[in-house]
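Right, one structure below, let's go through it.
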Amino acid sequence: MTNRTTDLSPAPNAISRRRALTQLASGLFLCASAAAFADDLTKTPTQTEGPFYPDKLPLDTDNDLVVINDGLTPGVGVVTYLSGRILDSHGDPIRGATVEIWQVDGNGVYLHTADKHAKRDANFQGFGRFVTGSTGEYLFRTVKPVPYPGRTPHIHYAVKMKGREKWTTQCYIKGDPGNEKDGVLKGITNPKDRAALIVPFIPIKDSKVGAFVAKFDIVMGFTPAA
Amino acid sequence: MTDTSHSQPPASVTISRRRILTQAMFGAFMCASVATFADDLMKTPAQTEGPFYPDKLPLDTDNDLLVINDGITPAVGSVTYLSGRVLDLHGSPIRDATVEIWQADNNGVYIHTGSIRAKRDANFQGFGRFSTGSTGEYLFRTIKPVAYSGRTPHIHVAVKLRGRQKWTTECYIKGDPGNDKDGVLRSIQNPKERAALIVPFIPIKDSKVGALAARFDIVMGFTPTE
Ligand SMILES: [Fe+3]
């Protein structure tokens, strides 16, 4: 288990809150970044679903987008473990939330019949789904997103909860030069809100395949009725 | 620790001797607990895959067996969060392990064309898949398994690792009266090994739907060569 502490630098009360939240997570998955609950819990900004939510779901919808069912050839790209937690506005984990991600393959192509600007990687799942347990954590294995015409690299998210409208956003790579020119990202005018969608993609030290880890916490703008 | 009963030797000597003894005892305790821990890392017994691994995978293969894609009607049964870790013989988590579960629905029917003893619950996914991250943790939302003709309630588990044969076992409910009469479970002669497959299904305190939680750690009989 890797407990990264490089991002723990701000005010002491922020640290203790982070520590408490980290303990809540009880070591599930990676604790890479806690950007979403710095100071106060910034509600994660919503972003458009966009035109490329799969119009036909893949035959495999699990949390590993790199391999489809028992396929022998993995999808092309830089393997990335993408994890985080679904939290309510108080920072409490939300159980039973359905988290979906979809993104382009290594050629910049979505799993969507309308996206044919390049050849799609038939080995990339393009979409995955995860239901959270009591820690609110989710985990996907996917590839690091690449840019495609007109957009900086990003991963689409949907969060679905019983009795609520589907909620969508997008997650971006910290330090990507395309971020500054991206119209969708720049559509968020508040810098702090914008920053809540941008997370570091960190190389995993002991990874033989050069895998990355990224942590993206999502703070929903409500607290589920108890 | 305070000592008021002895007056003969100087207090400091007593204390330092006690400290040494305490440290020795602590050391012994540590050794004992390490030894116990080592004993406890017993390889999880394998069990037959059985005849009902899905002959056709469902259209949804995620970690939520209660809902198929965006289905509105959930499966019938007692909601259960089944989680655990995939570990090697040393207790280190195994990353990139693919964990699959499959089980009968609340009517005792598998998603298998050979399983036709009753009407299948069309809303139950019957199969799910999870790819582990660095902590080796997996998580499924499913239903508490029910007995079907000839078998005590159980959940089938497969672990797939690159370059290795598929490994299968079954997980049972602690306290189920059917366990004592189950031929498959009883085929494990060693009581300790048998117990490694039987886990408590515990009600989640704050659950409005009366959900249960079960933890089933899996110790593989090897240590991956890194
Ligand atoms: Fe997009």
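Bear in mind these aren't lab numbers, they're just calculated from the coordinates by the rules spelled out. The structure displayed is predicted, hence computed values, not measured ones. With ideal geometry, Cβ positions are generated from the backbone for all residues, glycine too; neighbour counts draw on all protein chains shown.
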**Request:** Pop a pseudo-label 7 angstrom from the Cα along the beta-carbon direction at both B:M42 and B:T223 and give the gap in nm to one decimal.
**Result:** 2.1
**Item:** segment A:87-154 - charge dipole about Cα centre, Lys and Arg +1 at Cβ, Asp and Glu -1, debye rounded to 20
**Value:** 320
**Item:** Potential extension, A:S89-A:T48 segment - 0.36 nm per residue separation minus Cα distance
**Value:** 12.7 nm
**Charge tally in the Cβ shell below 11 Å around A:D60, where Lys, Arg are +1 and Asp, Glu are -1, A:D60 excluded** = -3
**Message:** Can you classify segment B:103-226 as rounded, prolate or oblate using the Cα gyration tensor, where a ≥ b ≥ c are the square roots of its eigenvalues, rounded means a/c under 1.5, and otherwise it's prolate if a/b beats b/c and oblate if not?
**Reply:** rounded
**Message:** If you take every DSSP beta bridge fully contained in segment B:52-182, what fraction is antiparallel? Give it as a percent rounded to 5.
**Reply:** 95
**Message:** Of B:H156, B:Y81, B:G136, which is farthest towards the positive pole of segment B:11-219's charge dipole, taken about the Cα centre with +1 and -1 on the beta-carbons of Lys, Arg and Asp, Glu respectively?
**Reply:** B:G136
**Prompt:** With a ≥ b ≥ c the root eigenvalues of the C-alpha gyration tensor of segment B:11-219, is it rounded (a/c under 1.5), prolate (a/b larger than b/c) or oblate?
**Reply:** prolate
**Message:** List the residues, sorted by chain then number, that are 5 or more residues from A:G96 or on another chain and whose placed amide H is less than 5 Å from its amide H.
**Reply:** A:T132, A:G133
**Complete:** Rounded to one decimal in nm, the spacing of the 7 Å Cα→Cβ label points at B:I116 and A:K208 is 4.7
**Item:** Stokes-Einstein translational diffusion, segment A:110-178 - Kirkwood Rh over all Cα pairs, 0.890 mPa s, 25 °C, in µm²/s
**Value:** 170
**Fill in**
Largest first and rounded to whole Å, the semi-axes √(5λ) derived from the alpha carbon gyration tensor of segment A:96-226 read 24, 19, 17
**Prompt:** When the Kirkwood hydrodynamic radius is evaluated over all pairs of different C-alpha atoms of segment A:187-226, what value in angstrom, to one decimal, is obtained?
**Reply:** 13.1
**Asked** Dipole of segment B:32-136 (Lys/Arg Cβ +1, Asp/Glu Cβ -1, origin at the Cα centre): which of B:I94, B:G108, B:L41 lies farthest to the positive side?
**Response** B:G108
**Request:** About the Cα centre of segment B:76-170, how large is the charge dipole given +1 on each Lys and Arg Cβ and -1 on each Asp and Glu Cβ? Please answer in debye to the nearest 20.
**Result:** 180
**Fill in**
Rounded to the nearest 0.05, FRET efficiency between A:E180 and A:N107 (Cβ-Cβ, R0 25 Å) equals 0.55
**Request:** Place a +1 charge on the Cβ of each Lys and Arg in segment A:12-219 and a -1 charge on the Cβ of each Asp and Glu, then give the dipole magnitude about the Cα centre in debye, rounded to the nearest 20.
**Result:** 260
**Message:** How would segment A:36-143 be classified by its alpha-carbon gyration tensor: rounded, prolate or oblate, with rounded meaning a/c under 1.5 and the a/b versus b/c comparison settling the rest?
**Reply:** prolate
**Request:** Compute the FRET efficiency between B:I72 and B:Q189 as 1/(1 + (r/R0)^6), taking r as their Cβ-Cβ distance and R0 = 56 Å, and round to the nearest 0.05.
**Result:** 0.75
**Fill in**
With R₀ set to 30 angstrom, the calculated FRET efficiency between the beta-carbons of A:K166 and A:A122, to the nearest 0.05, is 0.60
